Amino acid sequence: GCVVHDSKDDEYYVFITTDTTKTARQIICAYEMRPEIEEDYRQLKDFWNLEDFKSTKLCLITFHIICVLFGYLMFQIYVATDEGKKYSGKSLPIIIKNWSHKASKKLYPKSVIIYCDNNFGIFPFIEFMHLYASLNLPIREQLDPVLTYT
């Protein structure tokens, strides 16, 4: 642990940790990160649906948590870029509320991701529709269960 004297208020503060390898400065630095950590946790829980599980299977829960954390990490990295600075300090619901679908159509064309077993494909939506429409009926019937699986 460590004791810090705040000369402004003439108060002493005690910071304690069970990690005996930490220096006093490291303990203070970790404590100063607390508000940011709490805000990250709040956003993950409230806005990113970290606790919204659709299954009780451990592998699916783990996959959900990893995907949410990965998405949140990518968002944090994006916010640190010049282009993403406009979203700094904003939560996901505020960004979504102010997001212009019309403006993004040109920048982000719709895509379809098809995943089955260990294979996947990413198609522009219109290309996928053309591919599907060009298939003969028996093949479309085999593909339909994969496309309707939820």
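Once the Cα atoms are used to define both axes, helix 58-79 deviates from the longest principal axis of the chain by about 70 degrees.
Based on Cα contacts under 8 Å between residues 6+ apart, the chain shows a relative contact order of 10 percent. Considering only Arg25, Arg140, Arg34, the Gaussian network model of the chain with Cα springs below 10 Å gives its largest mean-square fluctuation to Arg140.
Taking all protein chains into account, the per residue accessible area for the chain stands at 84 Å² (1.4 Å probe). Taking all protein chains together and a 1.4 Å probe, the residues His64, His5 rank His5, His64 from largest to smallest accessible area.
Across the options Leu131, Leu92, Leu69, the greatest Cα extent toward the positive end of the charge dipole of the chain (unit charges at beta carbon of Lys, Arg, Asp, Glu) belongs to Leu131.
Per-residue SASA remark: Val14, around 100 Å² accessible (1.4 Å probe; ligands, DNA and RNA not included). The solvent-accessible area of Ile95, taken with every protein chain present and a 1.4 Å probe, is close to 30 Å².
For helix 125-134, what angle does its Cα long axis make with the longest principal axis of the chain, in degrees from 0 to 90 and rounded to 10? For 125-134 against the chain, the angle is about 30 degrees. Taking all Cα pairs closer than 8 Å and separated by 6 or more residues, the relative contact order of the stretch 5-89 comes to 14 percent. Only DSSP H runs of four or more residues enter the estimate; each adds -39500 (n - 2.57), and after division by the residues of the chain the mean residue ellipticity at 222 nm equals -16500 deg cm²/dmol. Dipole magnitude for the stretch 1-78: about 480 debye, using +1 per Lys or Arg Cβ and -1 per Asp or Glu Cβ, origin at the Cα centre. In the chain, what percent of the accessible surface is made up of carbon and sulfur (1.4 Å probe, ligands and nucleic acids excluded)? Of all accessible area on the chain, carbon and sulfur atoms account for 61 percent. Computed over the Cα atoms of the stretch 48-90, pair by distinct pair, the Kirkwood hydrodynamic radius stands at 11.6 angstrom. Each Lys and Arg Cβ is given +1 and each Asp and Glu Cβ -1; about its Cα centre, the chain then shows a dipole of about 700 debye. Using a cut-off of 31 Å between Cα atoms, the listed pairs Lys22/Lys54; Lys8/Lys45; Lys54/Lys86; Lys54/Lys90; Lys45/Lys85; Lys8/Lys90 include Lys22/Lys54; Lys8/Lys45; Lys54/Lys86; Lys8/Lys90 as exceeding that distance. With both labels modelled 7 Å from their Cα along Cα-to-Cβ, the Tyr31 to Asn98 distance reads 3.5 nm.
In the chain, the longest principal axis of the Cα atoms and the axis of helix 137-148 are about 20 degrees apart. Highest GNM mean-square fluctuation among Ile37, Ile122, Ile77, for the chain modelled with Cα contacts below 10 Å: Ile122. With a 10 Å cut-off between alpha carbons and a GNM built on the chain, which of Leu69, Leu60, Leu92 moves the most? Judging by the Gaussian network model, the answer is Leu60. Candidate values (i) 23.9, 82; (ii) 21.4, 87; (iii) 22.5, 78 were compared with Rg and Dmax of the Cα atoms in Å computed on the shown model; the agreeing label is (i).
The values are calculated or read from the model by the stated rules, or taken from the named source; none is laboratory data. As the structure is a prediction and not an experimental result, all values here were calculated from the model. Backbone-built Cβ (ideal geometry, glycine too); neighbour counts: all protein chains shown. For the accessible areas, the whole protein counts, side chains as well, though only heavy atoms, and no ligand, DNA or RNA atoms are used. Shrake-Rupley method; radii C 1.70, N 1.55, O 1.52, S 1.80 Å.
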